[in-house]
Amino acid sequence: MSLRGATLSFGQRTLWEGLDLDINPGEFFAVLGPNGSGKTTFLKVLLGLVELSAGTAELGGRPVERGSRRIGYVPQQKSFDPDTPLRARDLVGLGVDGHRWGIRTGVAKTSRRIDELLGFVGATDYANVPVGQLSGGEQQRLRVAQALAADPAVLLCDEPLLSLDLQHQQAVSALINRQCHERDSAVVFVTHEINPIMDYVDRVLYLADGRFRVGTPAEVMTTEVLSELYCSHVEVIQANGRLIVVGLPEAATHHHEDSHAVAGEVG
């Protein structure tokens, strides 16, 4: 997937401009930045849902297009109503053949593919349980399985760890990383918090106040780079293998932080 001269503006506000970027097969690529910096909109551009103001976005040498089966999408975790009758395997099945009209054909083949996906994400034990009765982490595993149904070349993840406890954050992150390396999919992972995926990330795109920086975590997540992006002194501290950012401008704090805080984990 590649962007050339990519610019996105809304009225007088420019989220970014002149972005040149190649995201390679098998690369785990994280997109970070404060609320309102354009992280989710960046994904919408790659999904073909938002047009660039200038420049191009391509996949395999062709313009990105809405509904492409070459792109998988994992949304933010949102719980199903407890009374939802849809079973876990039915939800995953929508990713396998939900794009087709009419009566399901090739039932045995479809069922095998659903079982394979459920096994991949560790959801076999609750395959026949209504999704409304599952935990948020279990539901998110199913959304990953659904997104992988077409064996996508690119997997786009929009803050998929929100509202999950640490155990499920680790499990979902590991599943996505497994797809990245075993199936050679490019992963674009939008997050406000890099620490749960630190061991997997190859490169970072950090968006802030109309500016951006691309590089490895070691190159981007530094006091010097973040201070330049925010035009204000920001301190990055490493502690017990985690990154902590101190001194973010209040307007740039992320939604998981208290509005009066000046320190928080990086995102």
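Values as computed for the structure displayed
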| quantity | calculated |
| --- | --- |
| Residues of region 1-18 that turn out to be in a strand (DSSP E or B), under 30 Å from HIS181 (Cα atoms) and hydrophobic (A, V, I, L, M, F, W, C), as a count | 3 |
| Pairs, first touching a residue at least 12 places away in the same chain (Cβ under 8 Å) in region 204-228, second of a type in the set (Gly, Ala, Ser), C-beta under 6 Å, six or more apart | VAL204/ALA30; TYR206/GLY33; LEU207/GLY33; LEU207/SER37; LEU207/GLY38; ALA208/GLY33; ALA208/SER37 |
| Index of the failed condition, PRO82 passing every other in (1) in contact (Cβ under 8 Å) with a residue 12 or more places away in the chain; (2) more than 24 Å from GLN169 (Cβ to Cβ) | (2) |
| Number of the condition not met by GLU159 [criteria: (1) within 24 Å of ILE237 (Cβ to Cβ); (2) surrounded by fewer than 21 Cβ atoms within 10 Å (Cβ to Cβ); (3) of a type in the set (Asp, Glu)] | (2) |
| Filtered residues of region 60-72 (kept if in contact (Cβ under 8 Å) with a residue 40 or more places away in the chain and either touching a Gly at 6+ places or on another chain (Cβ under 8 Å) or crowded, with 18+ Cβ neighbours inside 10 Å (or both)) | VAL64, ARG70, ILE71, GLY72 |
| Residue list for region 139-180, restricted to those being touching a Phe, Trp or Tyr at 6+ places or on another chain (Cβ under 7 Å) and without any contact (Cβ under 8 Å) to a residue 40 or more places away in the chain | SER173 |
| Considering residues of region 126-156 that are surrounded by fewer than 20 Cβ atoms within 10 Å (Cβ to Cβ) and among the charged types (D, E, K, R) only, the residue modelled with the highest pLDDT | GLU138 |
| Checklist (1) in contact (Cβ under 8 Å) with a residue 24 or more places away in the chain; (2) surrounded by 15 or more Cβ atoms within 10 Å (Cβ to Cβ); (3) in contact with a helix residue (DSSP H, G or I) (Cβ under 8 Å, 6 or more places away or on another chain) applied to ARG242, failing item | (2) |
| Number of the condition not met by VAL236 [criteria: (1) in a strand (DSSP E or B); (2) surrounded by fewer than 21 Cβ atoms within 10 Å (Cβ to Cβ); (3) at pLDDT below 90] | (3) |
| Evaluation of ASN24 against (1) touching a Leu at 6+ places or on another chain (Cβ under 6 Å); (2) surrounded by fewer than 19 Cβ atoms within 10 Å (Cβ to Cβ) (one fails), failing number | (1) |
| Subset of region 19-76 (residues that are on the phi > 0 side of the Ramachandran plot and assigned to a strand (DSSP E or B)) | GLY55 |
| Some residue of region 187-196 being touching a strand residue (DSSP E or B) at 6+ places or on another chain (Cβ under 9 Å) and farther than 29 Å from VAL144 by Cβ | no |
| Hits in region 26-53 - residues which are of a type outside the set (A, V, I, L, M) and under 17 Å from SER68 (Cα atoms) | PHE42, LYS44, GLY48, GLU51 |
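The values are calculated or read from the model by the stated rules, or taken from the named source; none is laboratory data. Computed from a predicted structure; not experimentally measured. Counting neighbours? That spans all protein chains shown, and the Cβs are built from the backbone with ideal geometry, glycine included.
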